[in-house]
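**Student:** Would you mind keeping the following structure in view while I ask a few things?
Values quoted throughout were computed directly from the atomic coordinates according to the rules given, and no laboratory measurement underlies them. Note that the structure is predicted; figures quoted are calculated from it, not measured. Note: ideal-geometry Cβ built from the backbone for every residue, glycine included; neighbour counts use all protein chains shown.
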């Protein structure tokens, strides 16, 4: 196979793994403990996106205008990392889907364009969101500019202060960026009251964005989310669909192992879910989700019903969670500092279709630096975690001679301070103590309790109890 393969066209439909699950995904719940009706999402999302959130259709057509916008950079290239392989001394063949080629520099632009389009045709004037490292905020600012929408972004304070170029990029594309928490929302004021010096969290930033939307009396604002929810993962399935076609046309064997970093789960799901489709008629690959040890949602967080935001404004979602009030350590991979995990990703791993690893940020930067020096691309700190997983797998006995495919979810050209800290010996690994985790999950509804409160309305889901 060539070192690079781009393909000729974008898939015309998104793939929905939900249609092929052997056990159904547990439903989101309202505050009263009953399954949330689709209509109840509509103060936050347009009807088209709500329909995608609930659909169990296997294939969802992509609108022509979305395809036209995405064609500026999709299909993204699939590349083989030969020099990286040589540096590792492995017999594994390592490929990566290079999502860094989007104008925003990450995979986030794929769902941003789709969400901006559906809001535009619904008559929405303004999208409000949050961002961790700034990749999602940048992508949504770009997409809103495409479709003439205003964009307001609450950026986690730690990243806002450490990554000013991300803020400038958002503003360049017309977005407005605020450091979260702010004193302009009740959620922000409460967070500042708890800790005036808080570095912020995605949970707090989400709460501020949601509050801003629901308090907007004009009805012209809607919320946009860059990960976690089903419709976001649906849009990102283009990553895996393209990779599947590129590998086949390039003459390479099916990947034995798929690896992605995880914060909310969108790039990981985008790559892996199409390969988990049982209708393909081939063996299921090994699937590895790699998260930061500083925010170990999958590896140390219980499977519970929890809110996606710190203020409890969002519905209760069935997911692995560290508790909505959990404040992660200020690691450089800001996009992975989220207390929860996508329900679909949580469900897939609980069904034994994948596994999760947690790695310290020093290990992730070591792997990312080696990749930069051999392949020339500076990976985002988030992608560094995927690369740490690739290194572990490629050097293991099981990894030798295998085909490994991972997502390079974004470049790190605006995240060079993290590399400077690592190379200068200033980067620290701060472990999360067990007592901290136990404290953060206090008061979170257990999966059993939440389903119990839902009573007869969720009888079909009772077999899913752990």
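**Student:** In the stretch 19-34, whose amide N lies under 11 Å from the spot 7 Å out along Cα-to-Cβ of residue 186? List them in ranges.
**Tutor:** Under 11 Å, as judged by backbone N against the label point of residue 186, lies no residue of the stretch 19-34.
**Student:** Shifting gears a bit: Can you compute the modelled spin-label distance between residue 426 and residue 22, with each label point 7 Å from Cα toward Cβ, in nm?
**Tutor:** Spacing of the two 7 Å Cα→Cβ label points: 5.1 nm.
**Student:** Right, here's the next one. Please say if the chain is rounded, prolate or oblate, where rounded means a/c under 1.5 for a ≥ b ≥ c the square roots of the C-alpha gyration tensor eigenvalues, and otherwise the choice is prolate for a/b larger than b/c and oblate otherwise?
**Tutor:** Because its axes are fairly even, with a/c under 1.5, the chain counts as rounded.
**Student:** Roughly how far apart, in whole Å, are the Cα centres of the stretch 1-67 and the stretch 189-242?
**Tutor:** After rounding, the separation between the Cα centres reads 18 Å.
**Student:** With label points built 7 Å along Cα→Cβ from the Cα atoms of residue 413 and residue 39, find their separation and express it in nm.
**Tutor:** It is 4.9 nm.
**Student:** Still on this structure: Fewest to most neighbouring Cβ within 10 Å: what's the order for 423, 170?
**Tutor:** Fewest-to-most ranking of 423, 170: 423, 170.
**Student:** Name the shape class, rounded, prolate or oblate, that the alpha-carbon gyration tensor gives for the stretch 308-430, where a ≥ b ≥ c are the square roots of its eigenvalues, rounded holds for a/c under 1.5, and otherwise prolate holds if a/b is larger than b/c and oblate otherwise.
**Tutor:** Since a/c reaches 1.5 but b/c is at least a/b, the shape of the stretch 308-430 is classed as oblate.
**Student:** Fewest first, what order do 136, 73 take by the number of other Cβ atoms within 10 Å?
**Tutor:** 73, 136
**Student:** Would you order 195, 415 from fewest to most other beta-carbon atoms within 10 Å of each residue's own beta-carbon?
**Tutor:** The fewest-first ordering by Cβ neighbours comes to 195, 415.
**Student:** Shape verdict for the stretch 287-364, please, from the Cα gyration tensor: rounded (a/c under 1.5), prolate (a/b greater than b/c) or oblate.
**Tutor:** The shape class here is oblate.
**Student:** Calculated from DSSP H runs of 4 or more alone, at -39500 (n - 2.57) each and per residue, what is the 222 nm mean residue ellipticity of the chain, nearest 500?
**Tutor:** -11000 deg cm²/dmol
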